[in-house]
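Undergrad: One structure, as structure tokens, below. Some questions next.
The values are calculated or read from the model by the stated rules, or taken from the named source; none is laboratory data. All values reported here derive from a predicted model rather than from experimental measurement. Here the Cβ positions follow ideal geometry from the backbone for every residue, glycine too, while neighbour counts run over all protein chains shown. All accessible areas refer to the heavy atoms of the entire protein, side chains included, with ligands and DNA or RNA removed. Shrake-Rupley method; radii C 1.70, N 1.55, O 1.52, S 1.80 Å.
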Amino acid sequence: TTHQPERFTELYFEGHTGLPRGTQTDKLYSFTFTVHNLEYQKMEYPYLVYLEDSTGQKTVLASGNVTMIHDSYRSFPVIFALPDTITRGKVVVELTQKKQEIHFWMGNLP
């Protein structure tokens, strides 16, 4: 038999220990996420970044589409301000075609 390489995509936060935690509405927050193509082929990655509040309402922070060759990396900085009404929320980065996501929480614990 012939060994087939594992095909996958890495999705992760850069500097995960420094992800935003606060909920000040008069402040800009930022983070960077990275996509690493290990699919052994050119891939198209549509992505969506959103903030989901405690009621399930989503606010889109960024979106886009990138085409990448095998073993390439691409980092995406995201800068955003929080809506006035939020006290706690989940920031989600989703690779929509891969149904793959990462997230972190901001705000006060319930």
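Undergrad: I'm told E10 meets every condition in (1) at negative phi; (2) out of contact with any His (no Cβ under 7 Å at 6 or more places or on another chain) except one. Can you identify the failing condition by its number?
TA: Every listed condition holds for E10 apart from (2).
Undergrad: Could you tell me which of the residues A62, A81 is closer than 29 Å to G107 by Cβ, hydrophobic (A, V, I, L, M, F, W, C) and free of Cβ contacts under 8 Å to residues at least 24 places away in the same chain?
TA: None of the other options fit; the residue is A62.
Undergrad: Specify which of the listed residues (Y40, Y73) is touching an Asp or Glu at 6+ places or on another chain (Cβ under 9 Å) and at positive phi.
TA: Going through Y40, Y73 in turn, just one is touching an Asp or Glu at 6+ places or on another chain (Cβ under 9 Å) and at positive phi: Y40.
Undergrad: List, please: which pairs have Cβ atoms under 9 Å, are six or more places apart or on different chains, and start with a residue in segment 18-33 that is within 13 Å of P83 (Cα to Cα) and end with one that is open to solvent by less than 60 Å² (accessible area, probe 1.4 Å) and of a type in the set (K, R)?
TA: Qualifying pairs under 9 Å: T23/R88.
Undergrad: Determine which single condition F33 fails, assuming it passes every other condition in (1) modelled with pLDDT under 95; (2) under 22 Å from Q100 (Cα atoms); (3) in contact with a strand residue (DSSP E or B) (Cβ under 7 Å, 6 or more places away or on another chain).
TA: Failing condition for F33: (1).
Undergrad: Follow-up question, since we're still on this one. Within segment 60-80, take every residue that is open to solvent by less than 50 Å² (accessible area, probe 1.4 Å) and part of a strand (DSSP E or B) and give me the one that is modelled with the lowest pLDDT. First the steps, then the outcome.
TA: At the first step, the residues of segment 60-80 found to be open to solvent by less than 50 Å² (accessible area, probe 1.4 Å) are 61-62, 64, 66, 68, 72, 76, 78, 80.
Okay, now just the ones that are also part of a strand (DSSP E or B), so 61-62, 64, 66, 68, 76, 78, 80.
Details: L61: 96, A62: 97, G64: 97, V66: 97, M68: 98, F76: 98, V78: 97, F80: 93.
Per the criteria, the residue is F80.
Undergrad: Where the second residue is outside any loop (DSSP other than H, G, I, E, B) and not aromatic (F, W, Y) and the first is over 13 Å from T34 (Cα atoms) and lies in segment 66-77, which pairs have Cβ atoms under 9 Å and are six or more apart or on separate chains?
TA: Taking only residues 6 or more apart or on different chains, the pairs are T67/M43; T67/E44; I69/N37; I69/M43; H70/N37; H70/L38; H70/M43.
Undergrad: How about segment 29-59: which of its residues are assigned to a strand (DSSP E or B) and farther than 16 Å from W105 by Cα?
TA: Listed by number, the residues that qualify are T34, V35, H36, N37, L38, M43, E44, Y45, P46, Y47, L48.
Undergrad: I'm trying to understand the selection: among the residues of segment 5-21, which are open to solvent by less than 80 Å² (accessible area, probe 1.4 Å) and farther than 21 Å from E94 by Cβ?
TA: P5, G18 - these are the residues of segment 5-21 that are open to solvent by less than 80 Å² (accessible area, probe 1.4 Å) and farther than 21 Å from E94 by Cβ.
Undergrad: Follow-up. How about segment 40-59: which of its residues are open to solvent by 40 Å² or more (accessible area, probe 1.4 Å) and within 12 Å of the chain's Cα centre (by Cα)?
TA: Within segment 40-59, just L48 meets the criteria.
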